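Trainee: Provided herewith is a single structure, encoded as structure tokens, for subsequent inquiry.
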Amino acid sequence: MKKTYIFIACLLVVVNVYAQTSSKDKLAVEGEVVFVSKLPKPNEIDYPNCNYSAIVKLNSKDENTRVNVIFQGIVNKQKVATANFKIGDKLKLNLLPFNKTKAEVRQTQLVDEVDDFDMKVYYALEAKKIKQFSSKKTTATITTTKEKVAAISTLEKDRKAVRIRKKKIKSEIQRIEKLLQAHGNSWEQWEKDIQDFKAEYAKATEAKASKWIGNSFFSAGNAYAEQNEGNFVEAMTRFNTYLKQYNIDLIVIRIPFKGEVAGDFFSDKLSDGIVNPYAMKVTLDLLKNGIEVHDILPKLIEEREKHPLLFWYNDFEETHPAEATSWIVAKELKEILARYTEYDEVAKITTSLKDTVGVRNGKSYRWPKGNRAFSSSTMIPFKTVLDSTKNVVSIHYDTNTSPFLFIGNSFLAYPSIIRGGSIPHYFIHETGIQPDVYYRSGGVGLGRLIYKKGLSFLENRRAIVYVALPQSFQGTVPVIPLEASISQKRFQEKEIVTLQKDTWDAYVEFPPEVKPGIPFRIQENGYISVVGKNGIKSDGGDMVITIPEIKNMTKDTLLKVKFEFRSVGFGHVVVTYAGEEKRFLRSANVKDGYFETVYFNVKKNIDPQKLIVSFKSIKKKQLIKKINISVLSSK
């Protein structure tokens, strides 16, 4: 049955009491919304709360002062008033730097489509829609960009760890390829070979079949993602390349679907225990791209009858891991990270354990019926980790205090990161080491989020452990900008054409007329102008650039497009190549500069090679002096 949600639209002011801090950090301003990330419908998200990011142009003495603002969007599965802000809305705001908010705020699921990674991020403590700005503009000094970090300290390469890492990757490639050989070296054949299993397992899932096997409880349930195709390999490869510049290892551990662990208990038509071949395919692709992936599934299958609950099989709809799985992952990470010299060098703490109840999602469970060893009237406990003062061990959220950083969403945080039971907590108990933790409920595109944190967050890191949720390997996730992985050490640049006064006509096609009064023009000085419409934000249409032949292309060849403007003024520019879009916002502040650069992976099978440059929401004349197009090739 479709649920009906109440949209709280009657509130004029929304105050978030969970983010309050000292008044000196607050900023009272007015501004106009110029960009909004698309907030999903409440019934489309898996978590009760979801925030969204926007760009707000402040009403200040500095023209076009823009900041990235995080607004509350969905609270307890209902949209709140601030969810309805749209481009053009004028707002009265009370802002707080996002990094000053409490951990609960930073960890809330966030829809973030703002691609300006240098913009300062604020959180809206209060937000009120107004009809017009007050006559007096803000005169306060407003920080609009993050502090630039040109370079960071990095750890020297750990030669022993490099050898172990390479050996592990090679071994895993061989293991998966051997499994694939049993299915004719064909992923399609592998899928065909398990169709009988899938049919039988589907019936068990529909019936919500469950059973005790010895002293371990299992049920059928979700074993596959809704879609197979995705860009996770590209996202992780780009993230890995970015981290390698700073001698940081990326280690990925995917928590499987609970049906992958127990599937063969509900059908005997599975020969090798692999329920989800596509996850194996993505794992192999990641490994072949030099990314260390640890498949925890074999260990979970080996251990599954040694624990009463690996997942919350007693709750058919619940997909998160129970205590036992989080312990197994923590112990695996202990073995992995022990290769590094920092593992022995960092300070250790002493911890203890006690039983508690109450899972992260607020639920409390009783043992399933059918086993005398586990009374159905007894609550299911899990271990919580305590420090030397017998308090729950604190987690170092969003800090840089450790060479080891754990990143992930709620699958990192079960059974309850608040109560002291989670993968990081159990790792702390196993090793005495307190890693830094970047935890975002419902977070996807973790590589992009880490990139957005800035270089200082990576200083002196040794390894980043990404605990991925089951469906991470499928679907589309946000990626870090291509330029983040580009360095002069890795690439050499060769210019293929400069478009300017004498060459526009040879390579650029202009539409005869976009809209009345908004044509492209080539001025006498040779600049291309795209003219706004009497101060009204207007779309300026497209110009098409034919790229000269690119020779000696490889899969690593990159296309670099550098614009040199000779104007300031707000405008939204979209550059499209082979169906891929890159966007940037033009500023009315001369301090933001005249140069904009975008990068693409070169596509071989496109003839002719073309770029489409689209101008959106132009308010003032845009002047382009030249466009440099070059290719970057691996050295």
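Trainee: Round to a whole number: what % of the accessible area of the chain belongs to carbon and sulfur, probe 1.4 Å? Present the calculation step by step, with values, prior to reporting the outcome.
Mentor: Values: 14270 of 29810 Å².
Of all accessible area on the chain, carbon and sulfur atoms account for 48 percent.
Trainee: Further, regarding this structure: Nothing charged except the Cβ atoms of Lys and Arg (+1) and of Asp and Glu (-1): what's the magnitude of the dipole of the chain about its Cα centre? Round to the nearest 20 debye. Present the calculation step by step, with values, prior to reporting the outcome.
Mentor: On the way: 97 positive and 73 negative charges, 340 e Å.
Around 1640 debye, computed over the chain.
Trainee: For a quick size check, give me the Cα extents of the chain along its three principal axes, largest first, whole Å.
Mentor: Cα extents, longest axis first: 88, 58, 55 Å.
Trainee: Which links in K77/K331; K258/K383; K244/K551; K131/K626 stretch past 30 Å when you go from one Cα to the other?
Mentor: Checking Cα-Cα distances, K77/K331; K131/K626 exceed 30 Å.
Trainee: Excluding F197 itself, calculate the net charge of residues whose Cβ lies under 9 Å from the Cβ of F197, where each Lys or Arg counts +1 and each Asp or Glu counts -1.
Mentor: Summing Lys/Arg as +1 and Asp/Glu as -1 gives -3.
Trainee: Calculate, for the chain, the solvent-accessible area per residue in square angstrom, rolling a 1.4 angstrom probe over the heavy atoms of the protein chains. Let's see the in-between values first.
Mentor: On the way: 29810 Å² over 635 residues.
That works out to 47 Å² per residue.
Trainee: Aspartates and glutamates within cross-link reach of K354: Cα-Cα under 14 Å, excluding same-chain residues under 8 positions apart?
Mentor: Leaving aside aspartates and glutamates fewer than 8 places away in the same chain, those within reach of K354 are E323, D387.
Trainee: If I model a spin label as a point 7 Å beyond the Cα along the Cα-Cβ vector, how far apart are those points for S388 and R159 in nm?
Mentor: 3.7
Trainee: Region 76-171: which trypsin sites (Lys or Arg not before Pro) are DSSP loop and have at most 16 other beta-carbon atoms within 10 angstrom?
Mentor: K77, K86, K102, K131, K136, K137, K148, K157
Trainee: With only Lys, Arg, Asp and Glu charged, each at its Cβ (+1 for the first two, -1 for the last two), find how big the charge dipole of region 23-129 is about the Cα centre; round to the nearest 20 debye. Walk me through the numbers on the way to the answer.
Mentor: Working: 18 positive and 15 negative charges, 93 e Å.
In total the dipole reaches around 440 debye.
Trainee: Restricting attention to region 249-317, which GluC sites (Glu not before Pro) occupy a DSSP loop and are surrounded by at most 10 other Cβ atoms within 10 Å?
Mentor: E317
Trainee: Distances over 27 Å make up what percent of all Cα-Cα pairs in region 249-396? Write down the numbers at each step before the final one.
Mentor: Values: 3872 of 10878 pairs.
Cα-Cα pairs in region 249-396 separated by more than 27 Å: 36 percent.
Trainee: Pairs of alpha-carbon atoms within less than 8 angstrom and 6+ residues apart define the contacts here; what relative contact order does the chain have, in percent? Write down the numbers at each step before the final one.
Mentor: Values: 1314 pairs, mean separation 74.6, N = 635.
RCO, the chain: 12 percent.
Trainee: What percent does the relative contact order of region 323-438 come to when contacts are Cα pairs within less than 8 Å and at least six residues apart?
Mentor: Working: 201 pairs, mean separation 40.9, N = 116.
About 35 percent, as a whole number.
Trainee: Please give the FRET efficiency for E524 paired with E229, using the beta carbon to beta carbon distance and R0 = 51 Å, rounded to the nearest 0.05.
Mentor: 0.50
Trainee: Can you spot the aspartates and glutamates whose alpha carbon is less than 14 Å from K616's alpha carbon? Ignore those fewer than 8 places along the same chain.
Mentor: By straight Cα distance, K616 reaches D539, D542, E581.
The values are calculated or read from the model by the stated rules, or taken from the named source; none is laboratory data. Note that the structure is a prediction, hence the values are computed from the model and not measured. In this analysis, Cβ positions are derived from the backbone assuming ideal geometry, glycine residues included, and neighbour counts consider all displayed protein chains. SASA here: full protein model, heavy atoms, side chains in, ligands and nucleic acids out. Shrake-Rupley method; radii C 1.70, N 1.55, O 1.52, S 1.80 Å.
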